[in-house]
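Asks: Sharing a structure with you now.
Derivation of every value follows stated rules applied to the coordinates shown; laboratory data play no part. Note that the coordinates shown come from a computational prediction; the quantities given were computed from them, not determined experimentally. We place every Cβ from the backbone using ideal geometry, glycine too, and count neighbours over all the protein chains shown.
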Amino acid sequence: MFMNEPVEFSQITNAPAHICQFMGAEKPAHADEPDKRFLDYMKLKCSENYKKRALIYNPDAVGMWLFKKYEELFKPVIDKIEIQLPVKSVYPSKTPVCFASMYSGVNPDIHGIKGYVKPVLTVETIFDTLSKANIRVAIAAVEKSSMSIIFSGRSIDYYIRNDDEAVIMKALELIENDSCDCLIVYNQEYDDTMHRTQPESQESIDALSRHIQAFSRLCEAAGRYWSQYETLVAFLPDHGVHLSDDGKGTHGADIPEDMEIMHFYGVYCPENHNVK
Ligand SMILES: [Zn+2]
């Protein structure tokens, strides 16, 4: 890409259509259409012949600028995926607002979460349409997080654990035992740490590395235990982060640091699982 070429942003509200289309389910009512770049990629990779699995990893607060600045650190993610979509999140760029849009496909005015509050979402989400299509969905998330609360009450499995590592251990077990068809995994250590310190403190960068490693471990498990399926793997952060006037990490503003994220997707096919 040339330096001055404008970035063509996808919207965070495109994500539900990507996941649902891959899994062969309807997208949620009123959800945005998929991004053409994702559809083109799917056309290239996917076949009707295989059953599907999906592994969606949601690391909290991993902004686009972090990826650009620490690209070398993200190599284990890049090695596991094939396309990168620059994405604009929604305002206010706070966790429950963004995840509500990421999984319903509609803007905050429609889904109703417009700040740091965690009601159970009433609009249709992928958790409704996937389960209606008899697709087994599981959410593995840290307790009290937005992801562990706002999608409650659906016909899916919830695995709520004390911390990121316990979430990852459970997720690895679910993949190994083939206990679900679509697995959503939420981790929050980077967000916790940058709020307490700074976006680029050593502690925060260490936490970010653990998210990258976690995704890599999950993809390796998917490659090994889901090898007979066509598997979508995705690394989908909710929003970015910036350094606030009080010297700590924060987010929620309508600025590129908070609103711009990168979404990473790959599809593993049974014929070439070994390459991953
Ligand atoms: Zn946060």
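Asks: On a 20 Å Cα-Cα criterion, which of the cross-link pairs Lys94/Lys248; Lys52/Lys132; Lys114/Lys170; Lys75/Lys170 come out too long?
Replies: Beyond 20 Å: Lys114/Lys170; Lys75/Lys170.
Asks: What is the Rg over Rh value, at two decimals, for the stretch 182-276, using alpha-carbon atoms and the Kirkwood definition of Rh?
Replies: Taking Rh as the inverse mean 1/r over Cα pairs, Rg/Rh reads 1.08.
Asks: Suppose the chain between Ser244 and Asp109 were pulled fully straight at 0.36 nm per residue; how much longer would it get relative to their current alpha carbon spacing?
Replies: 45.9 nm
Asks: Whole-Å semi-axes of the stretch 1-97's equivalent ellipsoid, largest first, each the root of 5 times a Cα gyration tensor eigenvalue?
Replies: Three semi-axes, in Å: 24, 18, 15.
Asks: Roughly how many whole Å is it from the C-alpha centroid of the stretch 37-69 to that of the stretch 85-164?
Replies: 18
Asks: I've got another one for you. The stretch 122-175: which GluC sites (Glu not before Pro) are DSSP loop and have at most 14 other beta-carbon atoms within 10 angstrom?
Replies: Here the sparse-neighbourhood loop sites are Glu143.
Asks: Would you compute, from DSSP H runs of 4+ residues alone, the mean residue ellipticity of the chain at 222 nm, taking -39500 (n - 2.57) per run and dividing by the full residue count, rounded to the nearest 500?
Replies: One gets -10500 deg cm²/dmol as the mean residue ellipticity at 222 nm.
Asks: Would you please give the residues with an amide H less than 5 Å from that of Asn187, counting only those at least 5 places away or on a separate chain, with H modeled from the backbone geometry?
Replies: Asn58, Asp60
Asks: Rounded to whole Hz and in sequence order, give me ³J(HN,Hα) for the stretch 205-219 from the Karplus expression 6.51 cos²θ - 1.76 cosθ + 1.60, θ = phi - 60°, writing x for Gly and Pro.
Replies: My calculation for the stretch 205-219 gives 5, 5, 5, 4, 4, 5, 5, 4, 5, 4, 4, 4, 5, 5, 5 Hz in order.
Asks: Would you please put 214-220, 67-73 in order of how densely packed they are, using the mean number of other Cβ atoms within 10 angstrom per residue and starting with the highest?
Replies: Result, highest mean Cβ count within 10 Å first: 214-220, 67-73.
Asks: Peptides 186-192, 104-110: what's the order by average Cβ count within 10 Å, highest mean first?
Replies: Answer by packing, highest mean first, reads 186-192, 104-110.
Asks: Along the stretch 256-261, what does the Karplus equation 6.51 cos²θ - 1.76 cosθ + 1.60 (θ = phi - 60°) give for ³J(HN,Hα), rounded to whole Hz, x for Gly and Pro?
Replies: For the stretch 256-261, the Karplus curve yields x, 4, 8, 8, 9, 9 Hz.
Asks: Another question, if that's okay. Label Val117 and Glu33 with points 7 Å out from Cα along Cα→Cβ: what is the distance between them in nm?
Replies: Inter-label distance under the simple model: 3.4 nm.
Asks: Can you work out the FRET efficiency for the pair Asn177 and Lys132, with r the C-beta to C-beta distance and R0 = 22 Å, to the nearest 0.05?
Replies: 0.40
Asks: Moving on. Using R₀ = 35 Å, calculate the FRET efficiency as 1/(1 + (r/R₀)^6) where r is the Cβ-Cβ separation of Glu72 and Ser227; round to 0.05.
Replies: 0.75
Asks: Would you kindly derive the ³J(HN,Hα) couplings of the stretch 167-174 from the backbone phi angles with the Karplus curve 6.51 cos²θ - 1.76 cosθ + 1.60 (θ = phi - 60°), listing them in order in whole Hz, with x for Gly and Pro?
Replies: Result, ordered by residue: 5, 5, 4, 5, 4, 4, 5, 4 Hz.
Asks: Let me ask you something else. If we sort 200-206, 8-14 on the protection proxy, mean other Cβ atoms within 10 Å, highest first, what's the order?
Replies: Packing order, densest peptide first, comes out as 8-14, 200-206.
Asks: Further question on the same structure: Could you bin all the Cα-Cα distances of the stretch 10-275 into 5 Å bins starting at 0 and give me the percent of pairs in each, rounded to whole numbers?
Replies: 1, 7, 14, 19, 22, 19, 12, 5, 2, 0, 0
Asks: I would also like to ask the following. Count the DSSP beta bridges whose two residues both fall in the chain, then state the antiparallel fraction as a percent rounded to the nearest 5.
Replies: If we restrict to bridges inside the chain, about 35 percent are antiparallel.
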